[in-house]
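Just so it is clear, none of the values below were taken in a lab; they were calculated from the coordinates. Values in this document were obtained by computation on a predicted structure and should not be read as measured data. Because the Cβ atoms are built from the backbone with ideal geometry, glycine has one as well, and the counts that use them run over all protein chains shown.
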């Protein structure tokens, strides 16, 4: 589909959309005249109500149908919406997952490199490893808000693909520095260019997927990042045991080269498949009907159709009048900073220095954290969406409780070896559910307000990295490795704080839902006697069947 469609004006105030039906497919035929179909306020929208005949209701009650609906939530939707969702899942979700996998691989590969020769190569001591993480975090913080304000105004597919290419270049350049100063500088720029990627894609997915669909998609997106941990260790181990790994570069440097090589095809894929937003899409795989379906899905939840409105000071100021901007960032901080026991390589160093395990063991065993985390997160997300997306708070409460208990155990330290293993896995595996549950909560809470949702997503993500830039220097001082008593105690307290905030958010979420239900009931009663007229448009809210 081109960037613009010409629409032939018929009459003075209405546009006539013609439909062609063929056998089992539905196509829309439009005549054009230099107006983007998806920004035309006079365009009729589509009635997407599914078939609720007695026969269909009986079919939907069967066990096999409910199983299909659990596995894929497009099963019970209108045929047009079902086709649309297949395309969206195939292209948007796949490109988002591939890009986030790459982003996580590039930002976290120094942890694997550190225990596989980088520490000795650069003669690193004290907190120099933490300084590497801090430089990345500082760049990430600086770029957060500017990057997402830019994304709100330009084509997402060009912007995101460009970022992925830049990461690949910067990652391969990590093999060049002879001193840590050059390495620190590159880490800063990698963080700077990665800063807008995660919140930008959370915003885009929230723009396309409904409240009932967002948890599992956000989880699959997050699991793509977790999957980076599945391959980082095995790739490094394969490099260590290969015959060529000591030619030209150090084994840990070859991993940077391989990570960069993975990034190029992913960037090309993003360039062609990212659909932008429903009101600005020019994706080749969407026809005219798909565009209208996307807009109708936005209209049904009361969201803005124009997603390129300008931010003003007054508009931004209004975002601070509700609880979302004040609490969600702290909730995500409690989760995100609880990653520090894993990000500090405490688990690997305990295996390497205390247990004296081989490189194979301390490179491979941590992959179970990623594998178990993916399984737990996907299961939790599917169950949550299937039951209406109302269990975010329960899932998060269980996560924070498990992490807090595990960190208390590790803070004691002198415990049986088996309890050590349990505690590390008790931190690493549950963490996988936190990010998707929190951001799907943000997207559902603010689905009706596109600009505010984008702003809150960015702020929620940013605050966690502000504290993450300097607190690990004190809590996970590498000179104390692998027994980080202060770090484990801090994380246990932080997770307890997250548990309290989860209860607060759930209360406020319920309160807002009840208020919205009362207002909707009052609005429906006031408009009950209003009769629809022919020729209504998007703004006048009358569906037209296709």
Notebook entry, point to check: So what's the gap between the Cα centers of region 339-416 and region 148-213, to the nearest angstrom?
Noted result: 26
Checklist line | Packing-based exposure ordering (other Cβ within 10 Å, fewest first) of 56, 164, 213, 202 | finding: 56, 213, 164, 202
Margin query: Shape verdict for region 92-158, please, from the Cα gyration tensor: rounded (a/c under 1.5), prolate (a/b greater than b/c) or oblate.
Written below: oblate
Margin query: Could you work out how much longer the chain between residue 71 and residue 268 gets when fully extended? Use 0.36 nm per residue separation minus the Cα distance between them, nm to one decimal.
Written below: 67.9 nm
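Shape of region 271-376 from its Cα gyration tensor (a ≥ b ≥ c, root eigenvalues): rounded if a/c is under 1.5, otherwise prolate when a/b > b/c, or oblate? Before the final figure, lay out each step's value.
On the way: a/c = 3.71, a/b = 1.84, b/c = 2.02.
Taking the square roots of the gyration eigenvalues as a ≥ b ≥ c, region 271-376 is oblate.
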Next item on the list: Calculate the spin-label point distance for residue 261 paired with residue 473, positioning each point 7 Å from the Cα along the beta-carbon direction, and give it in nanometres.
Entry: 3.7
